[in-house]
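To start, the structure itself, in structure tokens.
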Amino acid sequence: MASDTLTSSDYIKHHLQNLVYGKHPDGHWGFAHDPDQASAMGFWSINVDTMFWSISLGLLFLWLFRRAAKRADAGVPSGIINFAEWIVEFIDSSVRGSFSGKNNLIAPLSLTIFVWIFLMNLMDLVPVDWLPSLAGVIGSSLFGVDPHHVYFKVVPSTDPNATFGMAFAVFFLVLFYSIKIKGIGKFAGELTLQPFQAKNPVIQVVFIPINFILEFVSLISKPISLSLRLFGNMYAGEMIFILIALMYSAGLGTGIFGGFLQLGWAIFHILIITLQAFIFMTLTIVYLDMAHSEH
């Protein structure tokens with residue numbers, strides 16, 4: 001899709017709209033052809049592009065590391081084996097430095113989170129028009145759909161449904177291990193008997209609802225901060241790429257300047273996509289360490 005066939009506002013909205021499949025108000029199921037239809041589909045609609053790229057990149061991660069594991073030997077590693085070993089050693093050192101308990105799930109989980117989120121973030125470096133334009137051509141040729149009504153976002157981490165899904169999965173693990181390691185009584189005590197304490201039992205009873213409100217807010221903020229931090233940073237980065245892409249339709253000089261801007265932002269964005277994957281992984285390790293620790 002070329003930006004000169006739409007207004008700037010329409011171009012931006014088009015790139016920020018997911019390919020949504022769901023139930024239309026008249027009862028039939030199908031793809032949404034505009035943002036209003038997508039909104040009308042409600043909660044049970046599916047962002048097909050987010051699901052497609054998330055699953056595809058997850059399978060790519062499994063294939064790459066399985067390939068590296070099968071080719072590993074006692075000799076000097078090279079290529080993908082060297083890369084996989086470097087990632088595994090990096091994750092191992094991160095877990096050893098942040099996790100004080102003993103749980104064989106933490107390291108594989110951390111590896112999966114880091115590489116999977118990094119690959120999803122890495123899709124932000126693909127020029128914003130390439131894959132949506134290809135999707136528009138396919139939709140037009142195979143299904144006779146107007147290319148401007150074919151939406152295709154390629155960065156899953158710019159979709160809050162994906163980031164909240166990952167964050168809630170981590171949150172459920174935190175709750176599971178908090179109850180499993182400490183028991184329901186001690187976990188409930190952490191939520192109700194701190195930070196305010198008193199030797200007088202009557203005053204302590206008064207403190208229980210206050211403590212619960214404070215600790216519950218602290219607990220529920222974990223998945224919210226995890227998801228919104230990743231989503232906000234990647235959404236902002238994608239928006240900047242879209243705004244730079246608009247410059248290509250404003251003339252030769254502006255297009256050349258936009259090209260330099262895009263190159264500079266892409267180089268800087270490599271740091272952002274790596275840092276966001278690392279932060280999500282590190283906070284996951286820290287939260288699970290807190291779930292394994294008793295006050």
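The values are calculated or read from the model by the stated rules, or taken from the named source; none is laboratory data. All values derive from a computational prediction rather than experimental measurement. Because the Cβ atoms are built from the backbone with ideal geometry, glycine has one as well, and the counts that use them run over all protein chains shown.
Laid out as a table, the results:
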{"quantity": "Unique match (being basic (Lys, Arg), at pLDDT 90 or above and surrounded by 18 or more Cβ atoms within 10 Å (Cβ to Cβ)) among Lys182, Lys186", "calculated": "Lys182"}
{"quantity": "Any hit, the stretch 124-146, residues being of a type in the set (A, V, I, L, M, F, W, C), over 21 Å from Val286 (Cα atoms) and surrounded by 19 or more Cβ atoms within 10 Å (Cβ to Cβ)", "calculated": "yes"}
{"quantity": "Some residue of the stretch 229-245 being polar (S, T, N, Q), within 26 Å of the chain's Cα centre (by Cα) and at pLDDT 95 or above", "calculated": "yes"}
{"quantity": "Flag for Ser221 being surrounded by fewer than 18 Cβ atoms within 10 Å (Cβ to Cβ), polar (S, T, N, Q) and touching an Asp or Glu at 6+ places or on another chain (Cβ under 6 Å)", "calculated": "no"}
{"quantity": "Any hit, the stretch 12-30, residues being assigned to a loop (DSSP other than H, G, I, E, B), modelled with pLDDT under 90 and buried (at least 19 other Cβ atoms within 10 Å of the Cβ)", "calculated": "no"}
{"quantity": "Count of the stretch 198-215 residues which are closer than 22 Å to Ala291 by Cβ and in contact with a helix residue (DSSP H, G or I) (Cβ under 8 Å, 6 or more places away or on another chain)", "calculated": "4"}
{"quantity": "Residue in the stretch 156-164 that is of a type in the set (Gly, Ala, Ser) and at pLDDT 95 or above present", "calculated": "yes"}
{"quantity": "Some residue of the stretch 56-69 being surrounded by 11 or more Cβ atoms within 10 Å (Cβ to Cβ), touching a helix residue (DSSP H, G or I) at 6+ places or on another chain (Cβ under 8 Å), assigned to a helix (DSSP H, G or I) and of a type in the set (Lys, Arg)", "calculated": "yes"}
{"quantity": "Check on Phe260, assigned to a helix (DSSP H, G or I) and surrounded by fewer than 18 Cβ atoms within 10 Å (Cβ to Cβ)", "calculated": "yes"}
{"quantity": "The stretch 189-213, subset in contact with a Phe, Trp or Tyr (Cβ under 8 Å, 6 or more places away or on another chain) and part of a helix (DSSP H, G or I), residue surrounded by the fewest Cβ atoms within 10 Å (Cβ to Cβ)", "calculated": "Ile210"}
